[in-house]
Amino acid sequence: MTKNHVPAGNLFEKFLSNNSLFINKNVLQSSYLPNTIPHREEQIRQIRDIIGPALRREKPSNLFIYGQTGTGKTVTLKYTADVLMKFANEKNILIKIVYLNCKMKKVADTEYRLVAQLAREFGKEIPATGLPTDEVYKIFFSVLDREKQTVILILDEIDQLIDKAGEELLYNLTRINEELKHAQVSIIGITNRISFGENMDPRVKSSLSEEEILFPPYNALQLQNILFQRAKNAFKPNVLGEGVIEKCSAYAAKEHGDARRALELLRVSGEIAERKEHSKVAIEDVDEADSKIEKDRVLDIVEVQPKEFQATLYAIIRLAKNKKISAIYTGDVYELYRGICKETNLRPLTQRRVSDIIGELDMQGIINAKVISKGRQGRTREISFSIPPETAEKVEKIIRDSLGI
DNA sequence: CGAGATTCATGTGAAGTATACCTTTAGGCTTAA
DNA sequence: AAGCCTAAAGGTATACTTCACATGAATCTCGTA
């Protein structure tokens, strides 16, 4: 038996043998909470001063945080809140911090679901439907008020929720404290729309955003800094090729200084290099990672979408592939959509609904839909694709599988 | 030729409906004293 | 009589439909220069 002959049992050996480029890949995951947050010292200080009073059993001011995606809003807040929690635990002070992302479909995208989810965070079982919203509020208030505690609610991407659920939700949130006798609640809203709140009811606005903090985008140099620091813990020494971090930073800096994007680029680049069994991450891997990330993002969204959405998107893709058509309009999409429904035995939705679906697909960034007026030819949405054709091809395949075409 | 009216194809808001699920309540049945 | 189960009644949230009105620029109309 020669040395080169690999027994079948060693098929997976490479995953255990220490050929991995990573020490700890989690460090690059967006869920990872680092123990230092560079270039956000000022914001941390501000947050500290705002939530700090909780330690003295004073109600912290409500706070609104503005900043584009990947400017470190969530990490910074989570980090500061974490430190506060640890300190409070040491001193036996009852503080609870609840973090909720309002964008998540079917979790917190309506008023009912938001409050229900909050109540669930405190260990209450709330059915998905059936209860009056008021009732759910009452349940939520009663769990809160059972103990003398300070609660900090962090509502991430709250703008998405307000778009769907309306402003009175904010109003309801502001009166939480009036209903409570023992506990006190302060609300921290996070939004990546700078303009959010500009046309908000002044009363709601003044009570809900007693304080405001702005997170500016990182510049390329700061991004590099962040990447270097994380890479130290994520990768083995000397596996990052010349200029890899610089390139990741540059890419992300172009996208309004999105650190999340930069980290993801770095991680995926590493994964790609690893899969190729290279010993170093090369600049070319970054390019590959860039397109892979975008593809994965779209694919992930499309996969979990209801069939109605998929069918609509499928209609749009087919129209987009037709080179003879210069632009895609709602009417054409709907017509083709009906055809697809017939083909797949799906009960077709009305054009009214499909119109909304197109709007939602636009919101998710899968397509671009702009309302235009074509004068005598009426008004409609002009739809275009924001994803590369190669990805569209994959999306099409996924939908065909899912729809059974 | 230009100001205003017209028109088209669909956007958009409001109200209504179907569905799935919840709680309450009243009745009926069982059980145990 | 008390306890337990069941089914009906009355209620809600959500996704969708129905109805009706709103939009806004290309195009048409018609009066005027």
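The numbers here are math on the coordinates, done by the rules we state, and not lab data. Note that this is a predicted model, so its numbers are computed, not measured. Here Cβ is always computed from backbone atoms with ideal geometry, including for glycine, and neighbour counts include all displayed protein chains.
Compared with the direct C-alpha span, the chain from A:E390 to A:R353 gains 10.4 nm at full extension, assuming 0.36 nm per residue.
Across all directions, the shadow cast by the convex hull of the range A:305-403 built on its C-alpha atoms averages 6.2 square nanometres. Three semi-axes describe the equivalent ellipsoid of the range A:207-335; taken as square roots of 5 times the Cα gyration tensor eigenvalues and ordered largest first, they are 35, 24, 14 Å.
How big is the Rg/Rh ratio for the range A:41-215, C-alpha atoms only, Rh by Kirkwood, two decimals? Here the Rg-to-Rh quotient is 0.94.
Distance between the modelled labels on A:N199 and A:Y32, one decimal in nanometres: 4.2 nm (7 Å Cα→Cβ projection). Taking a straight line from the alpha carbon of A:K374, these lysines sit under 29 Å away, with near neighbours fewer than eight places off in the same chain left out: A:K164, A:K321, A:K323, A:K324. Of all aspartates and glutamates in the structure, those lying under 13 Å Cα to Cα from A:K73, and not within fewer than 8 positions of it along the same chain, are A:E41, A:E42, A:D156, A:E157, A:E212, A:D258. Translational diffusion coefficient of chain A (Stokes-Einstein, Kirkwood radius from Cα pairs, 4 °C, 1.567 mPa s): 53 µm²/s. Enclosing the Cα atoms of the range A:213-279 in their convex hull gives a volume equal to 81 cubic angstrom per residue. For A:K247, the lysines whose Cα falls under 22 Å of its own Cα, not counting residues fewer than eight places away in the same chain, are A:K25, A:K232, A:K236, A:K276, A:K280, A:K292, A:K295. Comparing A:N322, A:N101, A:N233 in a Gaussian network model of chain A (Cα springs below 10 Å), the most mobile by mean-square fluctuation is A:N322. Give me the base-10 log of I(q)/I(0) for the range A:344-398 at each q in 0.18 Å⁻¹, Debye formula, one uniform scatterer per Cα, rounded to two decimals. For the range A:344-398 at q = 0.18 Å⁻¹, log10 I(q)/I(0) is -0.78.
Under the criterion of Cα pairs below 8 Å and six or more residues apart, the relative contact order for the range A:41-215 equals 35 percent.
Along its three principal directions, the equivalent ellipsoid of the range A:130-281 from the Cα gyration tensor extends over semi-axes of 44, 19, 14 Å, largest first.
Modelled spin-label separation between A:E210 and A:K324, with each label point placed 7 Å from Cα along the Cα-to-Cβ direction: 6.5 nm.
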